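Enquirer: I have a structure I would like to understand better, so I am pasting it below and will then ask my questions one at a time.
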Amino acid sequence: MELTGARILMECLKREGVDTIFCYPGGAVIELFDELSRHQAELKPILVRHEQGAVHAADGYARASGKPGVCLVTSGPGATNAVTGIATAYCDSIPLVVFTGQVPTRLIGNDAFQEVDIVGITRPCTKHNYLVKDIKTLAAIVRQAFYLAKTGRPGPVLVDLPKDIMTGTTEFVWPEEVRMRSYNPTYKPNLAQLRRAADLLVEARRPLCLVGGGVIGANAGSVLMDMAVRYQIPVASTLMGLGAFPGTHSLWCGMVGMHGAVTANRAVIEADVLVAVGTRFADRVTGKLSAFASHSRIIHIDIDPTSIRKNVNVDVPVVADCREAVSGLSEVLAARAGDKDWGQVHADWMALLNRFKAEHPLTYVRNGEIKPQQVIEVLYELTRHDDTIITTEVGQHQMWAAQFYKYDTPRTFLSSGGLGTMGYGLPAAMGAQIAMPGKRVVCVAGDGSIQMNSQEFATIVHNKLPVKVVILNNCFLGMVRQWQELFFKQNYMCTCMDGQPDFVKLAEAYGAEGYRISDPADLAPTLQKALASPNPVVVDVRVAREENVYPMVPAGKALDEMLLV
């Protein structure tokens, strides 16, 4: 029996295990939505209020669940509105499949109404993209799109759907296997490279594991923890790696980089062997490249061969899936390490790191105002036993949420790392809550970034999602203001956000609960009340206006050139 392209797409999505589609309709995809109405039992549509929100929500869904997120938007401005979300997912290696409407094939290139070359626009920020030109290839393309999105180094894949392809008909043939001659990710590590890596670790006296988002994407946290504990190797992480290793563990050193912990940054400087797993050595992590891990021999494990030696020279490259590589390295170490007491071997190293922890803990000055760090500490104490998912917007609040909340499990810290996208946190929280309905989801936001996609409060309320939003309100674009204070003689140009809405009234206007906290004594009881509510809640916390994020490594400086409180 012949099916329309719209029906074929729905059948493909169901076979891929899709259960949720974040979407916004339009003329170019109206036939798709007509067909979707007959599949809502299996494919739940979530009508967002802006296409950027759709992609961020699909991104949050993917990060929280580990499954590809899916969204569907119309042509022209619908597609271009989605680009920021696509680029966000691309920078952080998040699996998405984005379907965009397109004008009929006969009109492509004729400047038709709501036509844009979305394939050309997104070529630099997708893992791959497709323009479907023949309905007979539709099922195969959708199959490939999901395969590409979730295998190798994950990422977003875009499929552009001309209107006539969706209304045309053909026989539906589901391709059980995907074979792409030009795409064959390397999952199994090279044994010789693992042996070289093991030799370095056996000889090391100051080893350090640096974990990135690739560890979470590969579900490699448990095997990495087993190796670290067995051989008593301390662990630090990038921003994207938070949760890959328990933040409460004695081997944990903290986050590395521009706003990393002193212990973590000093560990990188002092280590003699650095095992980097699933990280691409971004500039916010390395600081001054010539000084990064300058005393260390570096083992770099990553599934993406283009990430290795791209920014940092390494001694032992291992191209493989992070889980496979760490498991294999542990096996080789077991054969080569003997019966040593690794706690004793690394005792001096751990003593040095513990001294750094004692001398330079993450701290702040208390002066009677509500400090933003204090808000995160209280939030952590109230949620630490619940495996709460924290999403963030981007700015100072993002760094405080990374520093002062301890993430013990993967997929509980969702944030835009590579692109630094303001407006990410609220729709990402929505997607995470849909993906994990039994978990508590809290969005930590700033008063500037929450206004980027605040329209998604309507989506959250309409779908009865109990998302909690905690706004650290300092009436500034805080991170830019901090740089203006430190490096531009306090010239606060275009960073004051005094002209802002009443966030309590805004929450209530959308149908959510709203609370305001101005007194430190109200912090814990009000947050507890908000967290206990079954409804969406917005908490506007008036924090110290000119508090800064420390430690801070100024641009161009080495990791040991930190500005401290």
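Enquirer: Restricting the stretch 525-543 to residues that are out of contact with any helix residue (DSSP H, G or I) (no Cβ under 7 Å at 6 or more places or on another chain) and in contact (Cβ under 8 Å) with a residue 12 or more places away in the chain, which is surrounded by the most Cβ atoms within 10 Å (Cβ to Cβ)?
Expert: Kept after step one, since they are out of contact with any helix residue (DSSP H, G or I) (no Cβ under 7 Å at 6 or more places or on another chain), are these residues of the stretch 525-543: 525-526, 529-530, 532-535, 542.
Those still in the list that are in contact (Cβ under 8 Å) with a residue 12 or more places away in the chain too: 526, 529-530, 533-535, 542.
Values: Thr526: 17, Lys529: 14, Ala530: 22, Ser533: 13, Pro534: 8, Asn535: 15, Arg542: 17.
Going through the qualifying residues, I end up with Ala530.
Enquirer: Can Gly478 be described as under 30 Å from Pro554 (Cβ atoms) and either in contact with a helix residue (DSSP H, G or I) (Cβ under 6 Å, 6 or more places away or on another chain) or of a type outside the set (Phe, Trp, Tyr) (or both)?
Expert: Judged against the criteria, Gly478 is a match.
Enquirer: Considering only the stretch 15-41, how many residues are open to solvent by 40 Å² or more (accessible area, probe 1.4 Å) and either in a strand (DSSP E or B) or at pLDDT below 95 (or both)?
Expert: 0
Enquirer: Starting from residues that are open to solvent by 10 Å² or more (accessible area, probe 1.4 Å) and among the small types (Gly, Ala, Ser), keep the ones in the stretch 201-214 and report whichever is farthest from Glu331 (Cα to Cα).
Expert: Restricting to residues being open to solvent by 10 Å² or more (accessible area, probe 1.4 Å) and among the small types (Gly, Ala, Ser), the top hit is Gly213.
Enquirer: If I go through the stretch 549-565 residue by residue, how many of them are surrounded by 17 or more Cβ atoms within 10 Å (Cβ to Cβ) and either of a type in the set (Val, Ile, Thr) or out of contact with any Phe, Trp or Tyr (no Cβ under 9 Å at 6 or more places or on another chain) (or both)?
Expert: Result for the stretch 549-565: 4.
For (1) touching a helix residue (DSSP H, G or I) at 6+ places or on another chain (Cβ under 6 Å); (2) within 19 Å of Gly53 (Cβ to Cβ); (3) of a type in the set (A, V, I, L, M), each residue gets a yes or a no:
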{"position": "Trp400", "(1), (2), (3)": "yes, no, no"}
{"position": "Thr409", "(1), (2), (3)": "no, no, no"}
{"position": "Gly418", "(1), (2), (3)": "yes, no, no"}
{"position": "Thr421", "(1), (2), (3)": "yes, yes, no"}
{"position": "Gln433", "(1), (2), (3)": "no, yes, no"}
{"position": "Lys439", "(1), (2), (3)": "no, no, no"}
{"position": "Ala445", "(1), (2), (3)": "yes, yes, yes"}
{"position": "Gly448", "(1), (2), (3)": "no, yes, no"}
{"position": "Ser454", "(1), (2), (3)": "no, yes, no"}
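Residues checked against (1) open to solvent by 60 Å² or more (accessible area, probe 1.4 Å); (2) in contact with a strand residue (DSSP E or B) (Cβ under 6 Å, 6 or more places away or on another chain):
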{"residue": "Glu485", "(1), (2)": "no, no"}
{"residue": "Asp498", "(1), (2)": "yes, no"}
{"residue": "Val504", "(1), (2)": "no, yes"}
{"residue": "Leu523", "(1), (2)": "no, yes"}
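Enquirer: Lys67 fails exactly one of the following numbered conditions: (1) more than 29 Å from Leu419 (Cα to Cα); (2) assigned to a loop (DSSP other than H, G, I, E, B); (3) not aromatic (Phe, Trp, Tyr). What is the number of that condition?
Expert: Failing condition for Lys67: (1).
Enquirer: Enumerate the pairs (first residue in the stretch 85-112 and closer than 23 Å to Leu13 by Cα and open to solvent by 50 Å² or more (accessible area, probe 1.4 Å); second residue anywhere and small (Gly, Ala, Ser) and modelled with pLDDT of 95 or more) with beta-carbon separation below 7 Å, excluding pairs fewer than 6 apart on the same chain, so at least 6 apart or on different chains.
Expert: The qualifying pairs are Tyr90/Gly155.
Enquirer: Please identify the pairs in which a residue from the stretch 507-518 that is buried (at least 19 other Cβ atoms within 10 Å of the Cβ) has its Cβ atom under 8 Å from the Cβ atom of a residue that is hydroxyl-bearing (Ser, Thr, Tyr), counting only partners at least 6 apart or on another chain.
Expert: Between residues of the stretch 507-518 that are buried (at least 19 other Cβ atoms within 10 Å of the Cβ) and residues that are hydroxyl-bearing (Ser, Thr, Tyr), the close pairs are Tyr515/Thr526; Ile517/Thr526.
Enquirer: Which of the following residues is touching a residue at least 60 places away in the same chain (Cβ under 8 Å) and within 27 Å of the chain's Cα centre (by Cα): Ile389, Ile370?
Expert: Matching residue, one of Ile389, Ile370: Ile389.
Enquirer: Here is a further query. Can Ala432 be described as in contact (Cβ under 8 Å) with a residue 12 or more places away in the chain and open to solvent by less than 20 Å² (accessible area, probe 1.4 Å)?
Expert: yes
Enquirer: Open to solvent by 30 Å² or more (accessible area, probe 1.4 Å), in a loop (DSSP other than H, G, I, E, B) and over 30 Å from Val73 (Cβ atoms) - does that describe any residue in the stretch 190-200?
Expert: yes
Enquirer: So Asn265 passes all but one of these: (1) at negative phi; (2) polar (S, T, N, Q); (3) open to solvent by 10 Å² or more (accessible area, probe 1.4 Å); (4) at pLDDT 95 or above. Which condition number does it fail?
Expert: Failing condition for Asn265: (3).
Enquirer: Residues in the stretch 268-295 that are part of a loop (DSSP other than H, G, I, E, B), open to solvent by less than 20 Å² (accessible area, probe 1.4 Å) and more than 18 Å from Cys91 (Cβ to Cβ): how many?
Expert: Number satisfying all stated conditions: 3.
The values are calculated or read from the model by the stated rules, or taken from the named source; none is laboratory data. Only a predicted model underlies this, so the values are computations on that prediction, with no experimental measurement involved. Note that each Cβ is placed from the backbone with ideal geometry, even for glycine, and that neighbours are counted across all protein chains shown. Each accessible area value is taken on the protein alone, full model and side chains, heavy atoms only, with ligands, DNA and RNA left out. Shrake-Rupley method; radii C 1.70, N 1.55, O 1.52, S 1.80 Å.
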